[in-house]
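What follows is one structure encoded as structure tokens, with my remarks underneath.
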Amino acid sequence: MIAVEVGGSLALIAGFKTRWAALLLAGFSLASAALFHNNFADQMQMINFMKNVAMAGGFLLLFANGPGPLSLDRKFGKV
């Protein structure tokens, strides 16, 4: 679990396999929202649930658009 968070974050920062890392982190964010923040009666749990859903949306946007011009994927022509 920690490897997914750290490895995926480093892959996104470097722009290495950006689309796959973004898709993996989006799934991880949605899974953690559903499993750990499902008590909607507690306001803090609801806020954390919505935070994870918003992060997943950002990751899916990165998955759809791909890496930026300074990424390793663009440098090696694997976009």
Karplus-derived 3J(HN,Hα) from phi for the range 10-15 (6.51 cos²θ - 1.76 cosθ + 1.60, θ = phi - 60°), whole Hz, x at Gly and Pro, runs 5, 5, 5, 4, 7, x
Compute and list, largest first, the equivalent-ellipsoid semi-axes of the chain from the alpha carbon gyration tensor, each √(5λ) rounded to a whole angstrom.
28, 11, 8
So what is the relative contact order for the chain, in percent, with contacts set as C-alpha pairs under 8 Å and at least six apart?
35 percent
From the phi angles alone, apply the Karplus equation (6.51, -1.76, 1.60; θ = phi - 60°) to the range 39-45 and give each ³J(HN,Hα) in whole Hz, x where the residue is Gly or Pro.
8, 6, 6, 8, 4, 5, 5
³J(HN,Hα) computed for each position of the range 50-65 - Karplus, 6.51 cos²θ - 1.76 cosθ + 1.60, integer Hz, glycine/proline x
5, 4, 5, 5, 5, 5, 4, x, x, 5, 5, 5, 5, 5, 6, 8
Rounded percent of accessible protein surface that carbon and sulfur make up, the range 37-79, 1.4 Å probe
66 percent
Please give the per residue accessible area of the chain, computed with a probe of 1.4 Å over protein heavy atoms only, in Å².
68 Å²
Stretch gain in nm, segment Glu5-Ala64, where the contour uses 0.36 nm per residue and the Cα spacing is subtracted:
19.2 nm
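The values are calculated or read from the model by the stated rules, or taken from the named source; none is laboratory data. This structure is a prediction, so every number in the text was calculated from the model and none was measured. Calculation scope for accessible area: heavy atoms of the full protein, side chains included, ligands and nucleic acids excluded. Shrake-Rupley method; radii C 1.70, N 1.55, O 1.52, S 1.80 Å.
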